[in-house]
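So the structure is just underneath, and the comments pick up after that.
The values are calculated or read from the model by the stated rules, or taken from the named source; none is laboratory data. In this text the structure is predicted, and so the values were computed from the model without any measurement. Using ideal geometry, Cβ is built from the backbone for each residue, glycine included, and neighbour counts are taken over all protein chains shown. Quick note on the areas: whole protein, heavy atoms, side chains included, nothing else; ligands and nucleic acids left out. Shrake-Rupley method; radii C 1.70, N 1.55, O 1.52, S 1.80 Å.
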Amino acid sequence: MKLLHATIRMRHNITMAAALAAVSMFAAPAARPQAQPRPAAQAPGQRSPVAPTREQVQAAVNEAYEKFKSNTEGKNADYIPELAKVDSKLYGIAIITADGQTITAGDVDKAFSIQSISKVFSLALAMEEFGPDKVFEKIGSEPTGRPFNPVEAVVDMPTHTGNPLVNAGAIATVSLISAPSADAKYNKILNFYSKAAGEKLALINDVYKSEAATNTGNKALAALLLKYERIYADTLESVDVYTKQCSVGVTAKQLAMMGATLANFGANPITGEQVIKRENVPEILATMTMAGLYDGSGGWAWHVGLPAKSGVGGGIVAVVPGKGAIAVFAPPLDKAGNSVKAQLAIAYVAEKLGINLYSPRSVGVK
Ligand code: DON
């Protein structure tokens with residue numbers, strides 16, 4: 001992680017002069033392209049002049065790919081045996097903008113299991129059905145400050161479920177989603193994810209079987225939730241559907257499109273379908289900021305400043321609201337369960353392009 005910090009300390013290289021002449025890449029779709037140079041001081045409501053060009057975005061992605069390609073820190077998750085077999089060298093970076101432009105480098109067409117990144121989209125599905133207030137009441141949205149699956153968090157958190165992005169909260173979120181059977185619920189979830197990705201996604205059956213054979217910890221979390229009356233359907237059935245949703249295969253490109261759907265006010269940038277209610281997006285992104293990288297979320301917000309979500313399959317997606325999403329796939333994880341190279345690559349690109357949400361120089365701020 002030394003490299004991450006060094007990268008994050010790196011100052012951006014895109015000069016204001018170059019950026020002033022830029023066609024906006026991370027600009028919101030409605031008013032682009034804006035090729036006209038503008039003065040630095042803008043009237044309220046005007047677009048920021050510092051959006052990077054497509055070439056600058058591609059250059060940043062290429063640099064991030066080359067810079068971290070040989071990094072050997074971290075290791076594949078192995079508590080789900082099938083994940084240990086995935087080639088640790090796979091590495092792909094994909095950006096998709098809110099107006100559907102794609103910029104990639106590396107292994108962006110290789111399917112991997114979505115794992116915990118699925119939790120974001122099941123949260124979105126539960127919110128479609130019940131709205132943010134009920135989901136907040138039934139699940140909560142407080143960071144646990146702990147890893148993604150300890151029993152202690154269920155016992156100690158006042159809501160017990162914690163938030164929808166840790167295992168207990170995610171299993172409870174799945175239990176909330178209505179369906180006549182477990183199969184129907186899984187199909188409803190898969191269909192929703194597919195709409196966000198803009199194409200049909202499929203289960204990676206070997207990963208599902210591998211996790212289903214070893215997920216005693218998640219079954220224990222669900223049983224504990226039952227004790228606190230914080231699970232809303234059959235416990236084992238909820239764990240099984242949750243395990244299947246975690247085993248859905250995505251490529252880095254598909255994951256970037258799912259993120260871009262969030263960035264684009266809930267509408268898929270290519271199909272145009274309004275997958276997620278526009279008004280639910282802020283709560284989803286807020287939850288990602290607080291808990292998307294588990295007990296690494298605070299450091300991530302501090303250094304990178306983008307809502308993001310990781311999965312033990314090696315994926316991370318980060319969302320730039322209104323602008324686009326970056327997804328990276330690289331299996332070796334750090335101790336918190338977050339992909340090492342994905343963190344480095346996203347941090348690098350975000351710094352280079354000036355897309356930290358909390359920075360006054362954030363690109364595209366209107
Ligand atoms: O339940 C589990 O343990 C996995 N299916 C998902 C965990 C996960 O991805 C945590 N991520 N960083």
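Laid out as a table, the results:
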{"quantity": "Residue 285 vs. criteria open to solvent by 10 Å² or more (accessible area, probe 1.4 Å) and more than 26 Å from residue 71 (Cβ to Cβ)", "calculated": "yes"}
{"quantity": "Qualifying residues in region 289-303 (those that are more than 15 Å from the ligand (Cβ to nearest atom) and of a type outside the set (A, V, I, L, M)) - the one least open to solvent (accessible area, probe 1.4 Å)", "calculated": "289"}
{"quantity": "Qualifying positions in region 304-343 - outside any loop (DSSP other than H, G, I, E, B) and more than 16 Å from the ligand (Cβ to nearest atom)", "calculated": "319, 320, 324, 325, 326"}
{"quantity": "Subset tally (residues that are part of a loop (DSSP other than H, G, I, E, B) and either among the basic types (Lys, Arg) or buried (at least 18 other Cβ atoms within 10 Å of the Cβ) (or both)) for region 91-106", "calculated": "3"}
{"quantity": "The one condition in (1) farther than 19 Å from residue 124 by Cβ; (2) under 13 Å from the mean Cα position of the chain (by Cα); (3) open to solvent by less than 10 Å² (accessible area, probe 1.4 Å) that residue 350 fails to fulfil", "calculated": "(2)"}
{"quantity": "Hits in region 207-236 (condition: within 22 Å of residue 140 (Cβ to Cβ) and part of a helix (DSSP H, G or I))", "calculated": "217, 218, 219, 220, 221, 222, 223, 224, 225, 226, 227, 235"}
{"quantity": "Conditions (1) surrounded by 14 or more Cβ atoms within 10 Å (Cβ to Cβ); (2) modelled with pLDDT of 60 or more; number of the one not met by residue 66", "calculated": "(1)"}
